[in-house]
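Please treat every number below as a calculation from the coordinates, not as lab data. Being a predicted model, the structure only gives us computed values, none of them experimental. Methodologically, a virtual Cβ is constructed for each residue, glycine included, from the backbone with ideal geometry; neighbour enumeration extends over all protein chains shown.
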Amino acid sequence: MKVPCVILCGGRSRRFGRDKLRAHLAGKPLLTHVIDRVSAQCAPVALNQAPVDLAIQYGLENLPDKTGDGLHPGQGPLAGVLSALEWAQALGAPSVMTCAGDTPFIPLGWAAKLQGETKGQIVVPQSRGHAHYITALWPVRLYKEIEAALRVQDNRVGKFVNSHPHKFVEFTDAQGIDPFLNINTAEDMETAEIYVQGLTPR
């Protein structure tokens, strides 16, 4: 049984200088790469805080950040995780995957590997010595705890993970590139373009 996944799209692309979800990598929008990778291993798939026209274009449900009942807008990825948990809970799923809309090289074994390590805890991938807190597996039972954190604007994803039961799972480089590379700058996109052309970036 596949696990559901929500792609978090609420970033403002400030360092990139324009809407990076629409920026082309190897002839396809960046978000298309992410959706293709995720859809191959997760179902159903939804977006969070995506531009409305993109959600319509891809035919995916677009979840807003949770901002009612004392929560405040603009709290970043943890608010997207909260929306993902609510959505997954309505589906009857015990857990949900999340990832960012700017991670085009997510490994095709990502979901299965994290699912295989969960024992009711958060499971977070690591690569090149870094934890990728947004690209994680979340038990839906954490909904109230995340909601409580957001009520007091304690919205750092890493802090939340590290204060709750969790496990890190190591992933190796995919032919010389970080499999969880975020495209944050034009230089990151250039590195990604070199990789997809079959070259190994420096």
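When only C-alpha pairs under 8 Å and at least 6 residues apart count, what is the relative contact order of the chain, in percent? Display every interim value, and only then the final one.
Working: 354 pairs, mean separation 48.4, N = 202.
RCO, the chain: 24 percent.
Placing +1 at every Lys and Arg Cβ and -1 at every Asp and Glu Cβ, with all other atoms neutral, what dipole size does the range 65-160 have around its Cα centre, in debye to the nearest 20? Write down the numbers at each step before the final one.
Working: 9 positive and 8 negative charges, 56 e Å.
I would put it at about 260 debye.
Under the rule of -39500 (n - 2.57) per DSSP H run of 4 or more residues, summed and divided by the residues of the chain, what mean residue ellipticity at 222 nm is obtained, to the nearest 500 deg cm²/dmol? Write out the running numbers ahead of the final one.
On the way: 7 runs with 64 residues, N = 202.
Helix-only estimate at 222 nm: -9000 deg cm²/dmol.
State which entries of K66/K113; K28/K144; K20/K119; K2/K159 exceed 31 angstrom in Cα-Cα distance in the structure shown. Write out the running numbers ahead of the final one.
Details: K66/K113 29 Å; K28/K144 38 Å; K20/K119 35 Å; K2/K159 28 Å.
Those over the limit are K28/K144; K20/K119.
For the chain, which cysteines have no disulfide-compatible partner, meaning no other cysteine Cβ under 4.7 Å?
Lacking a cysteine Cβ partner under 4.7 Å: C9, C99.
In a shell of Cβ-Cβ distance under 12 Å around Q121, excluding Q121 itself, what net charge do Lys and Arg (+1) and Asp and Glu (-1) give? Walk me through the numbers before you get to the answer.
On the way: positive: K119, R141, K167; negative: E117.
Neighbourhood net charge equals +2.
Working from Cα positions, state the angle (0 to 90°, nearest 10) between the long axis of helix 30-39 and the longest principal axis of the chain.
Roughly 60 degrees between the two axes.
Where the only charges are on Cβ atoms (+1 Lys, Arg; -1 Asp, Glu), what is the dipole of the chain about its Cα centre, to the nearest 20 debye? Intermediate values should be presented prior to the final figure.
Details: 20 positive and 19 negative charges, 47 e Å.
The calculated dipole for the chain is roughly 220 debye.
Give, as a single signed number, the net charge of other residues whose beta carbon lies under 10 Å from the beta carbon of D69, with Lys and Arg counted +1 and Asp and Glu -1.
On the way: positive: K66, R151; negative: E147.
In short, +1.
Dividing the Cα radius of gyration by the Kirkwood radius, what Rg/Rh value follows for the chain? The partial results should precede the final answer.
On the way: Rg = 16.1 Å, Rh = 17.0 Å.
Ratio of gyration radius to Kirkwood radius for the chain: 0.94.
Taking the Cα centre of each part, how many Å lie between the range 137-202 and the range 52-112?
14 Å
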